[in-house]
Amino acid sequence: MIAPGSTHASMAELNRSRIIQLLHRDGICSRAHIARVLGLTPAAITKITAQLIDMGVVSETGNLDGIKKRRSIGLQLNESKYRVIGVKFARTLVRLGVFDLGGNMESEQLLPPVSGGRIRETLDDVKRRIDDILASDDSIVAIGIAVPGPYLRDEGRIAVVTSMIEWKDVNFIDEFVGAFRVPAFIEQDARAGALAQSLFDSDSDPRSLGYYLVGEGVGLGLIDNGELVNGNLGAATEIGHVSIDIHGKPCECGNVGCLENYCSAVALHQAIVTGDLIDDAQSMTHIDACAALFELARGGDETALGLVRDFARYIGYGCVTIINAYNPAQIVLGDIMAQAGSILLDEVQTVVERHALPALRDTTAITISDLPVDATLSGAAAVAAAQFLEHPTEFVGQPND
């Protein structure tokens, strides 16, 4: 049904997008299968897929077995023909990667660690690297950028960034939108991670999913009924600044007892240094210090095990909040702290078993992200890829009718 006010062109683009997204999700499909799933006529499918083939977005494959053993020609999305750049900004860590539309990373760059005095230098370095990639690769169609939350999407800035407050002064829209020959799209990091799980992980539930980012910061990206939950300013589900102790540790956001202060990689690094658990931990990056502790814990070091479990317990209380407040079908743990693996997951599940509402708990799967690449970096790529999948002609031109 065409909605009131819709144009023929917008409906045609919608149907092209629906076909592309189906091929992205299900892989090779016949025209008859596409028509059945999308509720379109065979004639419409034939016309639209011919346009997509002419555009180079879709190609034909070999024969498939159809209904009643009839042979049909398969169609597939040309995922490797077009590429996107993903950029992940964390507090001290910036990564950049080139991906195909299927989420497969083809190259990656890790920038030098960021300090408060180097933010301007880092932004300029990212722009130079993007320009160099674009100059050497005509197949790149978009750039996705993931930034820490709470991100105010209309203003283009981060409301608060604990332990690296200087990021508040950066306007990401002014810095990156319109700065390159291809469009750039910006999203909060945990929401980008949720999008990556939805688009690139076949085991994730694309309808109802929470991506629980526990890295240098703590955040939540939520998909409900297949749509990202954004909130009025684009800063919904900011779980890192939910207070879990009204008499707890002061937070740079102005509150006390914020979850982020008890289970982030920054907090764990501080605990490692205070406990003198690892030689030269003070000079390590957050990710290296945490990785070293996790290795000790896996080797059976009781002090390391105890510390990882203490932090995992707080991560578990975050899961309880997510389950009771949002009721997702799945929670995916990701980023630096998730690298603790089963030690962390077992403790999280113990906390959830004890404290979450049983009816909600029993229908929520909790897993650790198994994407082959950092889910937030993949998420940055997913932000760009999703735009291509939803609006293909904005990237490759209008087809001939």
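The values are calculated or read from the model by the stated rules, or taken from the named source; none is laboratory data. Since the model is a prediction, treat every value here as computed from it, not as a measurement. With ideal geometry, Cβ positions are generated from the backbone for all residues, glycine too; neighbour counts draw on all protein chains shown. Note: accessible area is taken over every heavy atom of the protein model, side chains too, but ligands, DNA and RNA are not part of it. Shrake-Rupley method; radii C 1.70, N 1.55, O 1.52, S 1.80 Å.
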Worksheet item: With the contact rule set at Cα under 8 Å and sequence spacing of 6 or more, what percent relative contact order holds for the chain?
Response: 17 percent
Worksheet item: Spin-label point model (7 Å from Cα, Cβ direction): what's the K81 to E60 distance in nm?
Response: 1.4 nm
Fill in: Zero-based 10 Å bins, Cα pair distances in the chain, whole percents
5, 22, 30, 24, 13, 6, 1, 0
Response to the item:
Between the residues L209, G306, I244, the Cα farthest towards the positive end of the dipole of the chain, that dipole coming from +1 and -1 charges on the beta-carbon of Lys, Arg, Asp and Glu, is from L209
Discussion item. Quick check on the chain: of the DSSP beta bridges with both residues there, what percent are antiparallel, nearest 5%?
Written reply: 60 percent
Practice prompt. Roll a 1.4 Å probe over the protein chains and send me the accessible area per residue for the stretch 262-386 in Å².
Written response: 41 Å²
Practice prompt. Compute the normalised compactness of the stretch 202-370: alpha-carbon radius of gyration over 2.2 N^0.38 Å, N being the residue count.
Written response: 1.02
Worksheet item: Once label points are set 7 Å from the Cα along Cα→Cβ at both H247 and N225, what is their separation, rounded to one decimal in nm?
Response: 4.3 nm
Response to the item:
Computed for the chain: size of charge dipole around the Cα centre, +1 on C-beta of each Lys and Arg, -1 on C-beta of each Asp and Glu, debye to nearest 20, value 1560 debye
Worksheet, complete the sentence: The value for the stretch 8-78 (convex hull of the alpha-carbon atoms, volume per residue, Å³) is 82 Å³
Fill in: the stretch 299-308 - phi-based ³J(HN,Hα) in whole Hz, Karplus 6.51/-1.76/1.60, Gly and Pro as x
x, x, 5, 5, 5, 5, 4, x, 5, 4
Item to complete: Could you state the accessible area per residue of the stretch 27-122 in Å², with a 1.4 Å probe and every protein chain left in place?
Response: 47 Å²
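Whenever you get a sec, compute what percent of the accessible area on the stretch 10-97 sits on carbon and sulfur atoms (1.4 Å probe).
54 percent
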Discussion item. For the pair I165/I53, report the inter-label distance in nm, with labels modelled 7 Å from Cα in the Cβ direction.
Written reply: 6.2 nm
Fill in: Extreme residue, positive dipole direction of the chain, given options S369, G219, N327 (C-beta unit charges)
N327
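Not counting the cut sites, what is the longest span of the chain without trypsin sites (Lys or Arg not before Pro) that DSSP labels loop and that have at most 16 other Cβ atoms within 10 Å?
Here the longest segment lacking exposed loop sites spans 208-401.
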Discussion item. Using a 1.4 Å probe on the protein heavy atoms, what percent of the accessible area of the stretch 202-370 belongs to carbon and sulfur?
Written reply: 48 percent
Worksheet item: Given the rule -39500 (n - 2.57) for each run of at least 4 DSSP H residues, summed and divided by the residues of the chain, what is its mean residue ellipticity at 222 nm, to the nearest 500 deg cm²/dmol?
Response: -13000 deg cm²/dmol
Response to the item:
Measuring from its Cα centre, the stretch 223-373 shows a charge dipole (+1 at each Lys and Arg Cβ, -1 at each Asp and Glu Cβ) which, in debye to the nearest 20, is 400 debye
Practice prompt. Only Cα pairs under 8 Å and at least 6 apart count here; give the relative contact order of the stretch 8-78 as a rounded whole percent.
Written response: 34 percent
